[in-house]
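Okay, handing you the structure first.
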Amino acid sequence: MVTFGIEEEFLLVNPDSEMPSSRAGEVITALIPGDGVSLTSSAEFLACQVESATPICSDRDAALTSLLDFRGRLQEAAAAAGLAVAPTGAAPLVEASPAVVSGTERYQDMGAMAGAVTDEHYVNGTHVHVAIPSREEGVQVLNRLRPWLATLGAISANSPYWHGRDTLFASWRLVQYRRWSVQGCPPYFQSSADYDARVAKLMATDVVLDSGHVGWTARLSNRFPTIEIRVADTQLEARDAVLLALVARGLVSTALSEETASVDGSPDTLADPEILDAGLWQAARFGLRGNLLDHGPNGGDLSRAAPAQVGALLDYIRPALEESGDDSFVRAGLAHVLSTGTGSQRQREAVRHGGFAALRPLFATSLTAS
C-alpha cells in the first residue's frame, strides 16, 4: 500500500475583530499532548499560523483520526488563549499593518528577501505527501501529475475573501502565491538529474534561499521520499483533507503503474506550460462553478464543465482507488463537494446570510466535524 501524509496550515484570529493574531507560538506551546496517532505541530511562516503534520498513514481512518485529534486540541488551546482557529485558505480580514513573520532565522530571511510579498502572506494550504520508490520514478510521476493539478486546485478551493471583500475567486490563495519567485505548475523534467540541476540553478540566484523555497504546486520533497502536492487550500473539514490525500495517492499510484508498464496513459504529459498555468488560474477563479481545462485525448486543451473534468479524474484513477479500497469513499466525497459546494462556496453562503461574523461559527463547527 502506498503511504501518505498530510500537512495543514491554520490561521489564528482574535474573535472580537476576526483579525489574525500573532500569538501562534503561545498556542503551540500550550497544546495538550495527544495520543500516539496525533499530529506534530510547528510554527509557520507568519506568527499567526500553526502547521500540523500527520504521521505516515496507510489508510483513511488513521489519517482522519489523526487530523481530528489535532484540530480538536488546537481549538482547545486557542480558546484557552482567547483566540479562534480559522480553517481557511486565506484570511478574510487583515490589519493594514504588515504581517508579523515568525522568529526562526529561515523565515526571517525569507521575509526580508520577499519584501511586501511577505506583508500580505495570510494564506494557508493543505500539502499532501505521497511515497515514491525513488527520485527517478518520482520525477516521472511528477510529470504525469501536471495535467491534473488544476482539477485538484478547483476541488479544494476555500479562500474567496480578502481584505473584507469577495475576490470573485474560489481560491485567492493560489493567486497570492503567484507573487513569490518560483510558483505555478512545475516544468517537465527529463530525469532526476535534470530536476536537481534545475533546482540548483534556481538556488544559485538571489531570490531562492533553499530548495524549500521552490514553491511549485507539486515537487519532490527533499526531506522525505515523497511527492509533495501543494496546490490545495486548507480545508474546512478534516474529511475533505483526507479526500484530497486519497485522490492524490490515486494519482501517484496510477502514474507509478503507467511508468512501470511504460504506458503513456496520462493525458498531455507534455502539455505546454503556459496552458497548465492558465488552467491553475482558471481553477482559482471558478473552482467547481465553471469550466476546467480538459486534457483528455478527445478534448485537447479545451475547457469543459468542472463536473465532467472531475469525472475524468475519477475514471483515470479508478483502478488505483479500487485497489486501495478507497473508491466508494472518494466517489461519495467528490459527489458531496459537487452537490454542496467547496469550502469557498460554503464561506460565501455563510457571509451572504450573516456577514463576516458568520464565518466564525462556520469555522468553529467545521474544524472538528467528523
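Please treat every number below as a calculation from the coordinates, not as lab data. Given the structure is predicted, the values throughout are model-derived calculations rather than measurements. A quick note on method: Cβ atoms are made from the backbone with ideal geometry, for glycine too, and the neighbour counts reach across all protein chains shown.
What full-extension length gain, to one decimal in nm, is calculated for Ala79 and Asp196 as 0.36 nm per residue of separation minus the Cα-Cα distance?
Taking Ala79 through Asp196 to full extension adds about 37.7 nm, to one decimal.
Any chance you could give the angle, 0 to 90 degrees and rounded to 10, that helix 105-114 forms with the longest Cα principal axis of the chain?
80 degrees
For the pair Ala358/Thr29, report the inter-label distance in nm, with labels modelled 7 Å from Cα in the Cβ direction.
3.9 nm
Sticking with this one: Given a 10 angstrom Cα cut-off, can you work out which residue in Ala80, Ala157, Ala278 is the most mobile in a GNM of the chain?
Ala80
Here's something else I'd like to know. So what's the back-of-envelope 222 nm ellipticity for the chain, counting only DSSP H runs of four-plus at -39500 (n - 2.57) apiece and dividing by all residues, rounded to 500?
Helix-only estimate at 222 nm: -14500 deg cm²/dmol.
Hey, fewest Cβ within 10 Å first, where do Met110, Met1 land in order?
Arranged by neighbour count, lowest to highest, Met110, Met1 become Met1, Met110.
Let me ask something else. Measure off 7 Å from each Cα along the Cα-to-Cβ vector at Ala278 and Arg106, then give the distance between these two points in nanometres to one decimal.
My value for the distance between the label points is 3.7 nm.
Tell me whether region 97-197 comes out rounded, prolate or oblate; compute the Cα gyration tensor, take square roots of the eigenvalues as a ≥ b ≥ c, and use a/c under 1.5 as the rounded threshold.
Cα axes put region 97-197 in the oblate bin.
Figure the gain on full extension for Met203 and Ala335 (residue separation times 0.36 nm, minus the Cα-Cα span) and round it to one decimal in nm.
Gain on extension, Met203 to Ala335, equals 43.3 nm.
Got the relative contact order for region 4-355 handy, in percent, Cα pairs under 8 Å and 6 or more residues apart?
Values: 655 pairs, mean separation 67.7, N = 352.
Dividing the mean separation by the residue count of region 4-355 yields 19 percent.
State the three equivalent ellipsoid semi-axes of the chain, derived from the C-alpha gyration tensor as the square roots of 5 times its eigenvalues, in descending order and whole Å. It would help to have the intermediate numbers written out before the result.
Details: eigenvalues 180, 105, 87 Å².
Value: 30, 23, 21 Å, ordered largest first.
Would you please give the FRET efficiency between Thr365 and Ser134, computed as 1/(1 + (r/R0)^6) with r the Cβ-Cβ distance and R0 = 51 Å, to the nearest 0.05?
Efficiency, rounded to the nearest 0.05: 0.75.
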